[in-house]
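A.B. asks: Pasting a structure below so you can have a look.
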Amino acid sequence: MILPARLVRWALPVLLVLLAVLAVAALMSGDMTLSPARTWAGLCGEDSLASTIIWQIRMPRLIVGMLVGAALSSAGLVMQAFFRNNLANPGLLGVSGGGAAGAVVTIAAGWASASLWFLPLGAIVGALAASAAVIVLARRGASTERLLLAGVALNALLGAVTSYVLTQYTGLYERNTQILFWLMGGVEDRTWEHVQIALPIIVAAAVLWPLGRQMDLLSLGVPEAQSLGVDTRRLRRHLLVLSTVLTALATAVAGAVGFVGLIVPHILRLLVGPEHRRLVPLTLVGGAAFVLGCDLVGRAAGGLRLGIVTSLVGGPFFLWLLRKLP
Amino acid sequence: MNALDIRAAAVTGRLLPVSLGLPRGSLIGLVGPNGAGKSTLLQVAAGILPASGQVVWQGRDLAKIPFIERARYAAWVPHGAHFEFGFSVRSVVSQGRYAHGDDEKGVDEALARLDLTALADRSVNHLSDGERARVLLARALVTEAPLQLWDEPLAALDPRHGLEVLRLARTLAAAGATVLFSLHDLRVAHGLDHVVVLRERALRAFGTPADILTPELLLDVFAVRAHTVPGLTLDLP
């Protein structure tokens, strides 16, 4: 780790302050920039225009962004411990892609307009199916090559499904735009309904919180973890469900946002070391801050979508990581 | 009552049915040529490799003991370990206290005992094989488990640390623990309380070294000739 031991305990407070600053910036900035005073007045409901902008447009987007960031980064952390592999993350393994494909099929079939809950349900089913496929593909020990290849295969397959669906609906402009949104990932125009859909992320995070110590042991491999007292069967089942649900919910409200689950746990691990008891809370807060920051950068750059910004940051980071592999 | 009873335990393709009873408070060597099933037997005894038959710890059927409780009774030291994440030496040793509520008890003593105090904050991935083997032994030590199952603990150690680990094993056995460990050095095995000899995935012999490690058996199992002539002998000063 880079940080000296005495500074490590300050990592969480510092990240929380960073998150708060980014949140305030997110509420202030947009098509119409609000001054700090006006933002406050809008929050308190004393300025009706500012209040509408904040409570109807910026607050839902802010909350969805934070939840998505927390969900994707912690899902990445869980997958890395589960597969004992630094590179595992929802995007690489195709779990995000599965969620997106599920969402796309739901939209294309017209179910999404029948009920607000069918879309996240479709995303969850897609993500679960992709998770199951990864587990089967990587069953005999999850070596880096196996995981990468499983991810490549799965992502290609899911891409084919999505492309097929897209070509079937070339005439329906509105549906295709909706579908493209899920493929590129973003948090603009999110409403309180989306916040509602994403809220279970908080429950999943709360369940994940106390599992950090067991994740340390699981990262040593199943036999060692068992010999040290971990019921690995139960733990692995919990972690698999958690990472899938976290990824699926995030995908259901923001589409396939890439690389968050890779970058955030990595940077934090470099800073504070590999112990998951420490990493779980840091990843949740750090992931929220990262997505919020990327969304702000995208907005400042003239409306770049969140998924594009995270990929622009994440792509080079991933290549840099690959270079460091033995 | 025995510390460990293995009853007709077998693993398909890796171990033919083995029955064995290990007494408490003894230091037991597990020998056999490469591929004889030593690691498999240790993992079966530790309850981390499913096997047919039955494994009994102090009269209790292992299958009925929850994992967290198992970890307080038996410690397993793998032969070489891969760490995907660079935990510090101290943090790895502390993992041995997980089943005791992560109380860190005995961690400093174990680090000192295995000559790791100076390396405590180092990442396990930046250690030599021998140093890493000592980290795993220190972790097994802090579990305070009465059954210690070590897979080739001496393989990577220098002579000095090898002798210290042997002395540690002897101290544990004297205090009532049962230490079963695999090794290749038959001269070391000759000085232990009991020896288990495996050959071609089956139990070949079990007993005191004097009774078991006869020239005939060594020739049969290892295809080596045994001589009792004075040579170089090492000891702790």
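A.B. asks: Step through the residues of region A:297-313 one at a time and calculate ³J(HN,Hα) from phi using the Karplus curve (6.51 cos²θ - 1.76 cosθ + 1.60, θ = phi - 60°), rounding each to whole Hz and writing x for Gly and Pro.
C.D. replies: Coupling constants for region A:297-313: 4, x, 5, 5, 7, x, x, 5, 6, 3, x, 6, 5, 5, 6, 5, 7 Hz.
A.B. asks: Roughly what would the spin-label model give for A:TYR173 and B:ARG24, points 7 Å off Cα along C-beta, in nm?
C.D. replies: 8.4 nm
A.B. asks: Also, I was wondering about something else. For B:66-73, what's the mean count of beta carbons from other chains sitting within 10 Å of each residue's beta carbon?
C.D. replies: On the way: counts 2, 11, 4, 1, 4, 7, 1, 0.
The shielding value for this peptide is 4.
A.B. asks: Say R0 is 25 Å: what FRET efficiency, to the nearest 0.05, do B:THR208 and A:VAL222 get from their beta-carbon distance? Write out the running numbers ahead of the final one.
C.D. replies: Numbers: r = 36 Å, r/R0 = 1.45.
Result of the calculation: an efficiency of 0.10.
A.B. asks: Is any residue of region A:247-262 close enough, with backbone N under 15 Å, to a label point placed 7 angstrom from the Cα of A:PHE317 along the Cα-Cβ axis, and if so, which?
C.D. replies: A:257-262
A.B. asks: Which ³J(HN,Hα) values in Hz, rounded to whole numbers, follow from the phi angles of region A:8-17 under the Karplus curve 6.51 cos²θ - 1.76 cosθ + 1.60, where θ = phi - 60° and Gly and Pro get x?
C.D. replies: 4, 5, 8, 4, 5, x, 4, 5, 5, 5
A.B. asks: Counting only protein heavy atoms and a 1.4 Å probe, tell me what percentage of the protein assembly as shown's accessible area is made up of carbon and sulfur.
C.D. replies: Looking at the protein assembly as shown in its full context, I get 61 percent from C and S.
A.B. asks: Highest mean first, how do A:77-84, B:214-221 rank when packing is the count of other Cβ atoms within 10 Å averaged over residues? Please list the in-between numbers first.
C.D. replies: Working: A:77-84: 26.8, B:214-221: 14.1.
Result, highest mean first: A:77-84, B:214-221.
A.B. asks: Apply the Karplus curve 6.51 cos²θ - 1.76 cosθ + 1.60, θ = phi - 60°, to the phi angles in region A:270-283 and return the couplings in whole Hz, x for Gly and Pro.
C.D. replies: 4, 6, 10, x, x, 6, 6, 4, 7, 5, 4, x, 5, 5
A.B. asks: Mind jotting down the distance between the C-alpha centroids of region B:64-92 and region A:22-91, whole Å?
C.D. replies: Cα centroid to Cα centroid, the span is 40 Å.
A.B. asks: Here's another thing I want to ask about it. What residues qualify as long-range amide H neighbours of B:LEU198, i.e. H under 5 Å apart, gap of 5 or more or another chain, H built at 1.01 Å from N?
C.D. replies: Long-range HN contacts for B:LEU198: B:VAL31, B:GLY32, B:ARG204.
A.B. asks: Which whole-number value in Å³ per residue fits the convex hull of the alpha carbons of the protein assembly as shown? Working shown, then result.
C.D. replies: Numbers: hull volume 95.9 nm³, N = 563.
So the per-residue Cα hull volume is 170 Å³.
A.B. asks: Ok, one more. Residues of the protein assembly as shown: accessible area per residue at 1.4 Å, in Å²? Mind dumping the intermediate values first?
C.D. replies: Values: 24890 Å² over 563 residues.
With all protein chains present, the protein assembly as shown gives 44 Å² per residue.
A.B. asks: Next question. Quick one: in chain A, what % of C-alpha pairs are over 24 Å apart? Display every interim value, and only then the final one.
C.D. replies: Details: 28276 of 52975 pairs.
Across chain A, Cα pairs with separations above 24 Å total 53 percent.
A.B. asks: How well do other chains shield peptide B:99-109, expressed as the mean number of their Cβ atoms within 10 Å of each residue Cβ? Provide the component values of the computation, followed by the final result.
C.D. replies: Values: counts 5, 1, 0, 2, 0, 0, 0, 0, 0, 0, 0.
Rounded to a whole number, the mean comes out at 1.
A.B. asks: If you take the accessible area of B alone plus A alone and subtract the pair, what total do you get in square angstrom, rounded to 100, with a 1.4 Å probe?
C.D. replies: Approximately 2100 Å² gets buried when B meets A.
A.B. asks: Semi-axes of the equivalent ellipsoid for region B:4-222, please: Cα gyration tensor eigenvalues, times 5, square-rooted, ordered largest first, whole Å. Spell out each step's value before the answer.
C.D. replies: Working: eigenvalues 152, 82, 50 Å².
Equivalent-ellipsoid dimensions as semi-axes: 28, 20, 16 Å.
A.B. asks: Taking region B:23-111, which GluC sites (Glu not before Pro) meet the DSSP loop condition and have no more than 15 other C-beta atoms within 10 Å? Provide the component values of the computation, followed by the final result.
C.D. replies: Details: sites: B:GLU69, B:GLU84, B:GLU104, B:GLU109; in loops: B:GLU84, B:GLU104.
Taking region B:23-111 and a limit of 15 other Cβ atoms within 10 Å, the loop GluC sites (Glu not before Pro) found are B:GLU104.
A.B. asks: Sketch the reach of a paramagnetic label on B:MET1 as a point 7 Å from Cα along Cα-to-Cβ, and name the residues of region B:37-57 whose backbone nitrogen lies under 16 Å away.
C.D. replies: Label zone hits: B:55-57.
A.B. asks: A further question follows. Partner chain Cβ atoms within 10 Å, averaged over the residues of A:228-237 - can you pull that number for me? Before the final figure, lay out the partial values.
C.D. replies: Working: counts 15, 14, 6, 3, 2, 1, 1, 1, 0, 0.
Partner-chain Cβ atoms within 10 Å, mean over residues of A:228-237: 4.
A.B. asks: Using r as the Cβ-Cβ distance of A:GLN196 and B:ASP129, and R0 as 45 Å, what FRET efficiency do you calculate, to the nearest 0.05?
C.D. replies: Working: r = 54 Å, r/R0 = 1.20.
E(calc), rounded to 0.05, equals 0.25.
A.B. asks: Among B:ASP129, B:ASP115, B:ASP211, which one shows the biggest mean-square fluctuation in a GNM of chain B, springs joining Cα atoms closer than 10 Å?
C.D. replies: So, out of B:ASP129, B:ASP115, B:ASP211, the one fluctuating most is B:ASP211.
The values are calculated or read from the model by the stated rules, or taken from the named source; none is laboratory data. Since the model is a prediction, treat every value here as computed from it, not as a measurement. So basically every Cβ, Gly included, is an ideal-geometry build from the backbone, and we count neighbours across all protein chains shown. The area values use the complete protein model at the heavy-atom level, side chains included, leaving out ligands, DNA and RNA. Shrake-Rupley method; radii C 1.70, N 1.55, O 1.52, S 1.80 Å.
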